[in-house]
Each structure stands twice: as structure tokens, then as C-alpha cells.
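Student: Before I ask anything, let me first share the structure, which is written out below as C-alpha cells.
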Amino acid sequence: MAKTYFTEDHEWLSVEGGVATVGITDYAQEQLGDLVFVELPDAGKKLAKGDTAVVVESVKAASDVYAPVDGEITEANGALSSDPALVNTAATGDGWLWKMKLADESQLDGLMDEAAYKAHIG
Amino acid sequence: MAGDETKHLPLEDLHLAAGAKFGAFAGWSMPLTYPAGVMKEHLHTRDHVGLFDISHMKLFEISGPGAAALLARACPLDAAALELSQSRYTFFLNEAAGILDDLIVTRLGDQRYVLVANAGNAAADEAHLRAVAKGFDTEIKPLDRVFLAIQGPDAEAALSSAGVDAATLQFMHGIEPRQDWFMSRSGYTGEDGFEIGLPEKDARALLGSLLEDERVAWVGLAARDSLRLEAGLCLHGQDLTAETDPASAGLTWAISKDLRTSGTFIGAEALRAILARGADEKRVGLKPEGRQPVRAGTALTDADGKPAGRVTSGGFGPSVGHPVAMGYAAAPLAKPGTQLFADVRGSKIPVVIVSLPFTPHHYRKG
């Protein structure tokens, strides 16, 4: 059973078996507006918490999406290469950004659950 | 604008009611997008009518016996030769022919002109104009107006439905159809359209009619930028600055041949020198290969990795469906078809120099 976490930077992580699927929240995609390009990471890339994992580009600007925890990229969402707008239409579903193998699951303890995140965005 | 109070549009309540997202631009809190989003707003303008609140821009009325002479000194413009209601795109230049602002000047009367200045430069423009005006018998009056742009193929029809007869107005002409109104057939999208400066009360009444028209939708600053970039139009502060001159910006078409050779406007000597030796760099259209946008500030290199120029505006063109940019390239390279490379976060993105605009202009000329 996957468990979902949220960060203050408006990312969600769905964790199952030590692997997190990461995306941005619906609130975040709304703030960014229509996305036209997603710069995806290569599998095998090791990231520390706070490193830039993905760059999402809207019509107007580029924004970094940070690794919420330490880990290694296992897969990026290739569907976004041809259809970056999936992040707008299905931010918490088909618009996921990358999967990563967690280096230290205890880092999840510092993240929010859905109720706390909803309170965070007000 | 650090330390300054952010300015708010007189019609901010209407934008809030329309669900706008706001952002800071040139000291103003401006609607960036509405719920439709930048893509749809952009395409709606090309297909129907986009409605823009551009009240951050400033209108100045310049009148008096010395008005034409003042404008001919401040701008590379033969203001006395303009016909009534004729508008011209022009500039304030510094002594080095650097572009202080780009402007539209329209002749409204024998001794009366209106000048439209960019928001970010409005205060500096006014100070500059007042300094230049010493010794000229003129009055410079900032106008307190709401300023709306109505842009797109159905703009004339939508205005007509709202009771504003716009059919007889030609592109790059401006008139005063009602008390304290200034309406010109012009814009910043590449489409046919109008810009109307008018008192707030009249603006609210006009918008009441316009917004009932299903062809008309609010469009924010984000789509205003993508529309103008596709249309190859410059944004002062990015594509034009005090360090760029009309020759390198490819805007000498805005200066008559006579003025280029014998004008006495500020910057004339410097511009003549630049034209005589040729500009070192030229403004160009840039088409990045692939889907990754190349943004303002990105450095350009040639095939050998040597510096070749820079990007001054870049984003995505919703109508053309690919990234679009403009910038400056070293003069020998500044030809359509030249391939350069943009350094984006460490990767070299191939970009090709292309002719501007990316989307054809649809101006209504006489």
C-alpha cells in the first residue's frame, strides 16, 4: 500500500517498497501555468535532498523541482517529453515526474501528510 | 522599484472578479493570467479578441507652439510632418543613440500630440522630456486614464457591438472619439486591434458591454509577452536598452532617410557614426531546435564555441507550437539560416537565426 507525503515546495511523493514516485501538486501546477517542456533526469542519477531534479518550463519561465529526499533516480516520466501538459492536467497521476530509490526512509518523517499539506496551502 | 509602493490598476477589482493571478511588473501589480491560462488566452487573441488592461502604460499630451519642435528634438521624428491622426513608432535616444524608451507618438491637432510610454520608463521619460523641453514653448501633461488594448481579428466588430465605431480608423492612426478618449488602431500582438485611453468611469461602462460579448476575453501579461514575441516586437528593458541603438536593433525603418542624414534629434550624430561604420551586432529571431525554451540572458556561441551573441527574450510560441526567442548576434553571423548554440544549464541547444516575425502580422492597412 503506497503512502503519500507532501513537501513545503509543493511536491508529492508516493512511496512503496522503498521507491518514491515524485510529482508536483495540483496547487503547484496551477501556480506555474501551462507547461511546455520538462527537463527530465537520467536514470541512475544520485540526488541529495535539495538538489535540482527536474526543470519545468512554462510559457514564461523555468522553475526547478528539487529532490525532496536523498536517493537515486530509477525512472523519469518519458511521456512528458511529448506531452508536458500532462503535469497540468494530471499533476498527481499521469503527470508524475520521476521515481527514485530512497537512500534514507527516515527522511520521510519530516514531510507532511495530505491534511497537513492542505493546511499549509490554506 | 525597490522601496517604492507597488502600484495597483484602477480596475483591479474587475481582474480579481475574473479570477486573475497577479504578479509584479515595472512597479505594478498586474494580471499575469486568468483561469483560462496563458495558452488559451494567447490563442483566443489570435482567433477572436483579447482584452488587455495596459493602464500601467502612460499617456502624455504634448501641446503648444513648440510641441512639434520638442518632439523632433527628443525623438528621431519629423513631428511637424505627421498628418492629423497619424501615429509613428519612435524612441527617446540618449546622446550615444542608446534607446531610452520606445514610444508611439500620434498627432491629435495642429499643435497637439499624444505620446504613449512604457510603464517602467514612464517616470524617467517624463523627467527626460521636461529637461529637453526647456526653451520650447510647450506643455507636457501626463493623462490620468485607464488604458485598454482590444486585439484580434474580431476587435473591430466587438467594439462596434459595444457602440464604438472603429471601422474607419486605419492602422497606426489615432483619434479622440469622445471627451477624454484616445483611440488608436495599434497594438502589441501582431493582430489587428485598438488601444483606448479613457476615463475610468467610461472604461467600466465599455467593459460592461465588451465582456458580455463571447468573442472577448481578458488576457494577461504572460500571453501579452508570448504574443508580442511571436510577432517579433521588442520589449524595452530586454530587447531594447540604453546600450542598444536603432541600427543594431534593426529599427532604422522607424527613422526617415532625411532624418538619418540630417536630423538634429538627440543621438543623431552618434547614430550617423554607427550607420556609417555598421552596427557590431544585429537583433535577430532565434528558433531553438526541439521543445526546450531558451530564455532571456542566455549566451549564444558559434559552432566553434566562441561568443556569438545573447538571447534577450525567449519563451514558447503557442500559435507556432515551438519555442521562440530573439536576441543579438554578431553582425557577420546575423543572417537567417545561421546556426548558433544556446548554453542552457550546461547543455548546448542548437538555435537557428530566422526572420521575424514568427507569426505573420495581420494589421489593417488602408
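The values are calculated or read from the model by the stated rules, or taken from the named source; none is laboratory data. Since this is a predicted model, take the numbers as computed values, not measurements. Cβ atoms come from the backbone with ideal geometry, glycine included; neighbour counts cover every protein chain shown. SASA here: full protein model, heavy atoms, side chains in, ligands and nucleic acids out. Shrake-Rupley method; radii C 1.70, N 1.55, O 1.52, S 1.80 Å.
Student: Once each part is reduced to its C-alpha centroid, what is the distance from the range A:1-71 to the range B:317-366 in angstrom?
Tutor: If we compute the Cα centre of each part, the gap is 30 Å.
Student: Highest mean first, how do B:71-83, B:159-171 rank when packing is the count of other Cβ atoms within 10 Å averaged over residues?
Tutor: B:71-83, B:159-171
Student: Can you tell me the accessible area per residue over the range B:280-366, all protein chains present, probe 1.4 angstrom, in square angstrom?
Tutor: 44
Student: I would also like to ask the following. Below 8 Å, C-alpha to C-alpha, sequence gap of six or more: please give me the relative contact order for the range B:280-366 in percent.
Tutor: With pairs under 8 Å counted, the relative contact order is 35 percent.
Student: Mind checking which of B:Trp28, B:Leu227, B:Leu14 is farthest towards the positive end of chain B's charge dipole, using Cβ charges of +1 (Lys, Arg) and -1 (Asp, Glu) about the Cα centre?
Tutor: B:Leu227
Student: Do you know which residues of the range B:259-300 lose at least 10 square angstrom of accessible area in the protein assembly compared with their chain on its own, with a 1.4 angstrom probe?
Tutor: Those residues are B:Arg291, B:Gln292, B:Pro293, B:Arg295.
Student: To continue, here is another question. Relative contact order of chain A, please, whole-number percent, based on alpha carbon pairs below 8 angstrom and at least 6 residues apart.
Tutor: Reported relative contact order: 30 percent.
Student: Carbon and sulfur together cover what percent of the accessible area of the protein assembly as shown at a 1.4 Å probe radius?
Tutor: Carbon plus sulfur share of accessible area: 51 percent.
Student: Rounded, prolate or oblate: which fits chain B, taking a ≥ b ≥ c as square roots of the Cα gyration tensor eigenvalues, rounded meaning a/c under 1.5, else prolate when a/b beats b/c?
Tutor: Because a/c hits 1.5 or more and a/b fails to exceed b/c, chain B counts as oblate.
Student: State the answer as a single residue: which of A:Ala103, B:Ile175, B:Pro336 lies farthest towards the positive end of the charge dipole of the protein assembly as shown, with beta carbon charges of +1 for Lys and Arg and -1 for Asp and Glu, about the Cα centre.
Tutor: Checked the options; the winner is B:Pro336.
Student: Shielding of B:307-317 by partners, i.e. mean partner chain Cβ atoms within 10 Å per residue?
Tutor: Taking the mean over all residues of the peptide, I get 2.
Student: In debye, nearest 20, what is the charge dipole magnitude of the protein assembly as shown about its Cα centre with +1 on Lys and Arg Cβ and -1 on Asp and Glu Cβ, if you could check?
Tutor: 1560
Student: Right, next: Checking the a/c ratio against 1.5 first, then a/b against b/c, what shape does the Cα gyration tensor give for the range B:51-113?
Tutor: Here the range B:51-113 falls in the oblate category.
Student: Just want to confirm a number: the relative contact order over chain B, from Cα pairs under 8 angstrom separated by 6+ residues, in percent.
Tutor: Relative contact order here is 18 percent.
Student: What's the percent breakdown of Cα-Cα distances in the protein assembly as shown across 20 Å bins, shortest bin first?
Tutor: Whole-percent P(r) values from 0 Å outward: 22, 50, 24, 4, 0.
Student: On to the next question. Of the listed peptides B:23-33, B:124-134, what is their order by residue-averaged count of other C-beta atoms within 10 Å, with the highest listed first?
Tutor: With the highest mean Cβ count within 10 Å placed first, the list reads B:23-33, B:124-134.
Student: Moving on to the next point. Taking loop as defined by DSSP and a crowding limit of 10 other beta carbons within 10 Å, which trypsin sites (Lys or Arg not before Pro) in the range B:165-251 fit?
Tutor: The qualifying sites: there are none.
Student: Which distance in nm do the two modelled labels at B:Glu200 and A:Asp104 give, with both placed 7 Å along the Cα-to-Cβ direction?
Tutor: In this crude spin-label approximation the distance works out to 5.6 nm.
Student: Which of rounded, prolate, oblate describes chain A, given a ≥ b ≥ c as roots of the alpha-carbon gyration tensor eigenvalues and a/c under 1.5 marking rounded, otherwise prolate only if a/b is larger than b/c?
Tutor: oblate
Student: Considering every residue in A:32-41, what mean count of other chain Cβ atoms within 10 Å of its Cβ is obtained?
Tutor: Whole-number average of other-chain Cβ neighbours for A:32-41 is 5.
Student: What average count of beta carbons from other chains do you get within 10 Å of the Cβ of residues in B:320-327?
Tutor: Mean shielding by partner chains, rounded to a whole number: 1.
Student: Right, here's the next one. I'd like the accessible area for B:Arg291, computed on protein heavy atoms only with a 1.4 Å probe and all protein chains in place. Round to 10 Å², please.
Tutor: Around 90 Å² of this residue is reachable by solvent.
Student: A:Asn77: net charge of surrounding residues, Cβ under 11 Å, Lys/Arg +1, Asp/Glu -1, itself excluded?
Tutor: -2
Student: Additional query: Considering only B:Gly305, A:Leu80, B:Leu82, whose Cα is most displaced toward the positive end of the charge dipole of the protein assembly as shown, charges sitting on Cβ of Lys, Arg (+1) and Asp, Glu (-1)?
Tutor: Value computed over the given set: B:Leu82.
Student: Ordering B:Leu93, B:Leu275 by how much accessible area each has at a 1.4 Å probe, largest first, what is the list?
Tutor: Largest to smallest exposure gives the sequence B:Leu275, B:Leu93.
Student: Here's another thing I want to ask about it. Tell me, what is the per residue accessible area of chain A in Å², probe radius 1.4 Å?
Tutor: On a per-residue basis, 47 Å².
Student: What accessible surface, in Å², does a 1.4 Å probe find on B:Asp137, ignoring ligands, DNA and RNA and rounding to the nearest 10?
Tutor: Result for B:Asp137: roughly 100 Å² accessible.
Student: Quick one: among B:Ala342, B:Ala303, B:Ala97, which has the greatest mean-square fluctuation in a GNM of chain B with alpha-carbon springs under 10 angstrom?
Tutor: Taking springs between Cα atoms under 10 Å, the residue moving most is B:Ala303.
Student: What does the buried accessible surface come to for A and B, summed over both chains, with the probe at 1.4 Å? Round to 100 Å².
Tutor: Using a 1.4 Å probe, the pair buries roughly 1300 Å².
Student: Heavy-atom accessible area per residue, the range B:100-210, 1.4 Å probe: how many Å²?
Tutor: 38
Student: Is there a quick way to get the dipole size of the range B:280-366? I mean about its Cα centre, with the Cβ of Lys and Arg at +1 and of Asp and Glu at -1; what is the value in debye to the nearest 20?
Tutor: 340
Student: So what's the gap between the Cα centers of the range B:103-158 and the range B:202-219, to the nearest angstrom?
Tutor: 24
Student: Also, quick follow-up: Would you mind working out the magnitude of the charge dipole of chain B relative to its Cα centre, with +1 at each Lys and Arg C-beta and -1 at each Asp and Glu C-beta, to the nearest 20 Debye?
Tutor: 960
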